[in-house]
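**Student:** Below are the structure tokens for one structure; questions will follow.
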Amino acid sequence: MTHVGPVGLAKSMKIAVNQGLAVQMLSFAESVLLAEKAGVARERAVEVLLKSVVASPMVKYRGPFVLGMPAEAWFDVDMMQKDLRLALDMARASAVALPSVALTHELLTAAKGQGLAHYDFAVLFDVLAQMAGLPPSKKL
């Protein structure tokens, strides 16, 4: 546990952490899909990325979801969108630009439109895969 300051700042820090999770997942999905479109097998792209400098703890445990999405979400689309809305509200109030958060929020809205709201927010991969004309992750 890390003390971040007076009462209320822990909530702000949690929102800052969670918005980073979603943006990292979007970036990971983009990397896998770019490699796949270039001819690298999806499984191999995931393997390489998980051994690279981009393999944060979140990427290490959620990255494999692009190969097989768990039936039960760890943190579903609606929950992540709530935190992203809170981050965007904080950003507006603080005059901080969060363009990657805004884009990620919109792509999660697209996931909901595709009927994927009950999955983990890693389903961002499936939204981008559809846009790229590639198959989605397997649903376990």
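The values are calculated or read from the model by the stated rules, or taken from the named source; none is laboratory data. What you see is a predicted model, and the numbers here were worked out from it, not measured in a lab. Here the Cβ positions follow ideal geometry from the backbone for every residue, glycine too, while neighbour counts run over all protein chains shown. SASA here: full protein model, heavy atoms, side chains in, ligands and nucleic acids out. Shrake-Rupley method; radii C 1.70, N 1.55, O 1.52, S 1.80 Å.
**Student:** Measure nothing but the geometry: give the 0 to 90° angle between the long axis through the Cα atoms of 99-113 and the longest principal axis through the Cα atoms of the chain, rounded to 10°.
**Tutor:** Around 60 degrees separate the two axes.
**Student:** Name the GluC sites (Glu not before Pro) in segment 43-100 that are in a loop by DSSP and that have at most 12 other C-beta atoms within 10 Å, would you?
**Tutor:** E72
**Student:** If I compute semi-axes √(5λ) of the Cα gyration tensor in Å from the structure I just sent, which labelled value in (1) 27, 17, 14; (2) 42, 13, 11; (3) 31, 19, 15 lines up?
**Tutor:** Matching entry in (1) 27, 17, 14; (2) 42, 13, 11; (3) 31, 19, 15: (1).
**Student:** Moving on to the next point. By per-residue mean of other Cβ atoms within 10 Å, what is the highest-first order of 103-110, 63-70?
**Tutor:** Highest-to-lowest ranking by the protection proxy: 63-70, 103-110.
**Student:** Related question: At L34 and S94, where each label point lies 7 Å from the Cα along Cα→Cβ, what is the point-to-point distance in nanometres?
**Tutor:** Label at L34, label at S94, 2.8 nm between them.
**Student:** Looking at segment 8-99, how many pairs of lysines come closer than 29 Å at the Cα, when each pair is eight or more places apart or spans two chains?
**Tutor:** 9
**Student:** So what's the Cα pair-distance distribution over segment 54-122, bin width 10 Å, in %?
**Tutor:** 20, 45, 30, 5
**Student:** Using a probe radius of 1.4 Å on heavy atoms only, what accessible surface per residue do you get for segment 15-71? Whole Å² is fine.
**Tutor:** That works out to 48 Å² per residue.
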